[in-house]
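Novice: Pasting a structure here, questions to come.
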Amino acid sequence: MNNVSLLDAPFSAEPHQGLVALQYTGFFSPQNITAMGEVVKLFLEKHEQSLKVRRRLFSSFVEIAQNILRYSQDSRALSHDEQLYRFGSVCLRYDDGRYYLESTNLVGTDASDQLRINLESLRVMSIDEIKQAYRHGLRAESPAWSKGANIGLLTLARDVSEPLEYHLRPLEASDLTAFWLKATICHD
């Protein structure tokens, strides 16, 4: 996994020189996703002129953060007022003309298998096939295992500039798997 530490990020007076816009590890809630979203928006308003790139990045950030909130199976989950707070990590950085959104969280065996199938399928689809699958997903019923419309990965795949990268690493003595996802977005 390619983790970037905020302390390692070389901030400079020139925009877009290895900038880390956001790095968070901890509990995800709707409230802190909203707050992180505000940080992402402000960073993009200051550093990115293309409205299309800003829209794609913000949409991708929201999908990644919501997937952690919905699907992370880390034992450190907290519950408060019928809201479950799940543990994970997200990072948005810019380096050499590309934005990178990375996330890490734990998932169960079934989710791991489903993620592998879905992500491998997306990696070989054309952008037109992804868009068609996305439109179909909007009209279709969500699978029983899904906690949303089941179009999050399609949304990401539609918005990225390169195929989604991922790594699934089973944890020893556990039925959990560490899931790392990377979305790359640049000017097309």
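The values are calculated or read from the model by the stated rules, or taken from the named source; none is laboratory data. Remember, it's a predicted structure, so these values are computed and weren't measured experimentally. FYI the Cβ positions are ideal-geometry reconstructions off the backbone, even for glycines, and counts take in every protein chain you see.
Novice: Tell me which residues, restricted to the stretch 126-154, are touching a Gly at 6+ places or on another chain (Cβ under 9 Å) and either at pLDDT 95 or above or in a helix (DSSP H, G or I) (or both).
Specialist: Listed by number, the list holds a single entry, Leu154.
Novice: Here is a further query. Quick test of your reading of the structure: Ser59 fulfils all but one of (1) surrounded by 17 or more Cβ atoms within 10 Å (Cβ to Cβ); (2) in contact with a Leu (Cβ under 9 Å, 6 or more places away or on another chain); (3) at pLDDT 90 or above. Name the failing condition by number.
Specialist: If we test Ser59 against (1) surrounded by 17 or more Cβ atoms within 10 Å (Cβ to Cβ); (2) in contact with a Leu (Cβ under 9 Å, 6 or more places away or on another chain); (3) at pLDDT 90 or above, just (1) comes out false.
Novice: OK, next. Evaluate the following for Gln66: is it in a helix (DSSP H, G or I) and within 9 Å of the chain's Cα centre (by Cα)?
Specialist: yes
Novice: Next question. Checking Glu102 against (1) surrounded by fewer than 19 Cβ atoms within 10 Å (Cβ to Cβ); (2) in contact with a Lys or Arg (Cβ under 6 Å, 6 or more places away or on another chain), which single condition isn't satisfied?
Specialist: Status for Glu102: all satisfied but (1).
Novice: Moving on. Would you confirm, using the coordinates I've provided, whether Ala35 is without any contact (Cβ under 8 Å) to a residue 40 or more places away in the chain and small (Gly, Ala, Ser)?
Specialist: In short, yes.
Novice: Also, quick follow-up: Looking only at residues in the stretch 1-41 that are at pLDDT below 95 and small (Gly, Ala, Ser), which one is nearest to Ala178 (Cα to Cα)?
Specialist: Gly26
Novice: Within the stretch 155-187, how many residues turn out to be of a type in the set (Val, Ile, Thr) and in a loop (DSSP other than H, G, I, E, B)?
Specialist: 1
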